[in-house]
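Participant: Here it is: the structure, laid out below.
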Amino acid sequence: MTSGRCAGANQDSQEQNLLKILNLGIVLGIAAAAAVVYVYPVVDQHREPSLIAVLPNGGNSESFHIRLPGDRIMAGATGSTESTPLALEWPKHDFLANMQTELFKVRNEKGVVIGVASRMSGSSEQHGLFIEWVVHLPARGSMFITMAVNPSADGYREGKLRAGTREFLTLNGAIIERFVNEVDDVDSDDVGRIELVTAFVGLAEELE
Amino acid sequence: MKYLITLLVGMAIGVVVFVLLLYYNPFVGNPSVSPLVVSELDLADFSYSLVVRDSIAFTNDGESRVQPYPAKVLQLWEPAVKKTRAIVTVLTDSRGQPAGLGVKFSSDSESTRLINAEVVVDSVWHIYAPEYGTFFVDQTENFWPYLHDIVVPARLSGGDSWRGSWHRNMSAGPGALGIARVTGGTGDFAGIEAEAVESITANAYSAITGPMAMTGNLTIALPRQEEQP
């Protein structure tokens with residue numbers, strides 16, 4: 001009789017211990033899952049080292065390359081017979097009559113793709129001529145650049161950084177757009193490249 | 001041994017409980033009313049279809065459910081742009097008339113925090129609207145409600161689809177109250193800075209092909225002439 005009671009008490013004690021361990025497990029599980037979600041980066045953008053040169057005024061310069069036609073994602077213009085890609089159906093709205101829009105992949109100086117860019121150019125009676133770039137580098141930020149319409153005598157076009165995000169948020173400066181008649185990859189169908197060369201300075205540095 | 005098994009079972013239950021708490025957290029979500037509603041400024045509305053085949057061009061890494069369009073458009077498969085999407089589309093005004101051309105780049109953001117119900121996307125618009133000129137819109141968007149209310153239910157449903165009526169603001173910054181930043185380029189917008197909010201109205205989504213009946217809406221608060229520098 002006494003041994004039966006002892007066995008029952010042992011069983012109760014074991015069940016209580018199991019329940020305690022189960023509860024402990026639940027708490028540990030919640031804590032572990034929370035820790036993993038908090039610590040583990042859900043998104044980890046691939047980064048290439050920034051190939052930046054320091055300018056004499058303390059600013060920095062960087063060169064972005066776009067191989068042509070290999071890096072052209074899309075090109076559309078009203079009346080154009082050769083769109084990129086070939087299956088592209090460019091809309092025939094009146095307001096797009098004098099406009100050209102292109103999308104490109106953007107490379108660093110070493111030829112590694114680091115972002116994408118759009119180039120819009122056009123003219124209208126109301127707004128005149130314009131040429132603009134938006135360069136979007138996923139790991140670093142974006143730049144909005146407006147270019148001078150007329151190229152210089154040396155064949156390049158100057159522009160200005162109008163707005164930037166993240167890494168480019170506090171920068172100010174100039175950009176040069178030029179076409180370089182050299183091919184990085186001789187085995188490709190490329191005929192040359194567009195170079196965007198930036199010369200930026202931080203707003204704080206500028207104030208000093 | 002049975003203590004260890006009990007501990008592991010408890011931990012498994014804990015992980016499930018955490019996932020359910022995360023998913024059904026009632027204290028998170030994007031507002032459905034735009035903060036610009038209370039603005040005294042004039043508003044310009046631009047809409048566009050999120051159905052890829054309604055766009056001029058769309059590209060991504062080529063491995064996602066939503067396939068690039070049109071055929072043979074260059075895909076963003078390189079490691080640095082693999083989590084980026086680009087769309088070129090005609091924007092319509094509030095009467096449904098073509099009102100501009102927009103290019104949007106969106107990239108998954110490293111500031112995504114599931115524990116805060118934030119699935120963040122960094123996105124920028126490059127827009128030409130003949131009525132105003134050109135401008136640039138930069139913002140962060142929170143896609144958590146979109147995933148929670150549309151994408152996950154579509155994947156869990158037997159028909160691999162979701163139908164309903166859903167509207168949310170997607171803009172979550174950089175401005176206060178989740179407002180996007182607008183910078184003018186040329187035309188009437190040259191040199192101005194303004195605010196914008198982007199929202200999505202969804203009616204149908206397929207877990208296989210992506211959005212089926214869905215529109216995006218970009219509302220811009222137009223600065224008054226005297227406010228321009």
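The values are calculated or read from the model by the stated rules, or taken from the named source; none is laboratory data. Since this is a predicted model, take the numbers as computed values, not measurements. Cβ coordinates were reconstructed from backbone atoms using ideal geometry, including for glycine residues, and neighbour counts include every protein chain displayed.
Participant: Just one of the numbered conditions (1) surrounded by fewer than 13 Cβ atoms within 10 Å (Cβ to Cβ); (2) more than 9 Å from every other protein chain (Cβ to nearest Cβ); (3) not in a helix (DSSP H, G or I) is not true of B:L20; which one?
Facilitator: Of the numbered conditions (1) surrounded by fewer than 13 Cβ atoms within 10 Å (Cβ to Cβ); (2) more than 9 Å from every other protein chain (Cβ to nearest Cβ); (3) not in a helix (DSSP H, G or I), the odd one out for B:L20 is (3).
Participant: Is it the case, given these coordinates, that A:L137 is crowded, with 22+ Cβ neighbours inside 10 Å, touching a residue at least 12 places away in the same chain (Cβ under 8 Å), in contact with a Gly (Cβ under 8 Å, 6 or more places away or on another chain) and at the interface with chain B (Cβ under 9 Å from one of its Cβ atoms)?
Facilitator: When the stated conditions are applied, A:L137 passes them.
Participant: With the requirement that a residue be in a strand (DSSP E or B) and in contact (Cβ under 8 Å) with a residue 60 or more places away in the chain, what does the stretch B:153-193 give you?
Facilitator: B:H167, B:R168, B:N169, B:A172, B:I179
Participant: Continuing with the same structure: Here are some residues: A:E48, A:E15, A:E62. Which one is within 14 Å of chain B (Cβ to nearest Cβ) and in contact (Cβ under 8 Å) with a residue 60 or more places away in the chain?
Facilitator: Criteria check complete, one pass: A:E48.
Participant: Given the residues B:V90, B:V28, B:V73, B:V103, which is the only one that is β-branched (V, I, T), touching a residue at least 60 places away in the same chain (Cβ under 8 Å) and not in a helix (DSSP H, G or I)?
Facilitator: B:V28
Participant: Among the residues of the stretch A:71-83, is there at least one that is among the acidic types (D, E), part of a loop (DSSP other than H, G, I, E, B) and out of contact with any strand residue (DSSP E or B) (no Cβ under 9 Å at 6 or more places or on another chain)?
Facilitator: no
Participant: Does the stretch A:154-168 hold any residues that are more than 10 Å from chain B (Cβ to nearest Cβ), farther than 17 Å from B:S111 by Cβ and not aliphatic (A, V, I, L, M), and which are they?
Facilitator: Within the stretch A:154-168, A:D154, A:G155, A:Y156, A:R157, A:E158, A:G159, A:K160 qualify.
Participant: Among the numbered conditions (1) more than 25 Å from the chain's Cα centre (by Cα); (2) within 7 Å of chain B (Cβ to nearest Cβ), tell me where A:A35 comes up short.
Facilitator: Unmet condition: (2).
Participant: Filter the stretch A:114-127 down to the residues that are over 19 Å from A:S61 (Cβ atoms) and touching a residue at least 12 places away in the same chain (Cβ under 8 Å), then identify the one that is surrounded by the fewest Cβ atoms within 10 Å (Cβ to Cβ).
Facilitator: The selected residue is A:S123.
Participant: Okay, next question. Scanning for something in the same structural domain as A:F200 (by TED's automatic domain parsing), within 30 Å of the chain's Cα centre (by Cα), closer than 21 Å to A:S142 by Cα and in a loop (DSSP other than H, G, I, E, B), does the stretch A:56-67 turn up at least one residue?
Facilitator: yes
Participant: Also: Can you confirm whether B:V15 is assigned to a loop (DSSP other than H, G, I, E, B), within 14 Å of another protein chain (Cβ to nearest Cβ) and buried (at least 16 other Cβ atoms within 10 Å of the Cβ)?
Facilitator: Here the answer is no, as B:V15 does not meet what is asked.
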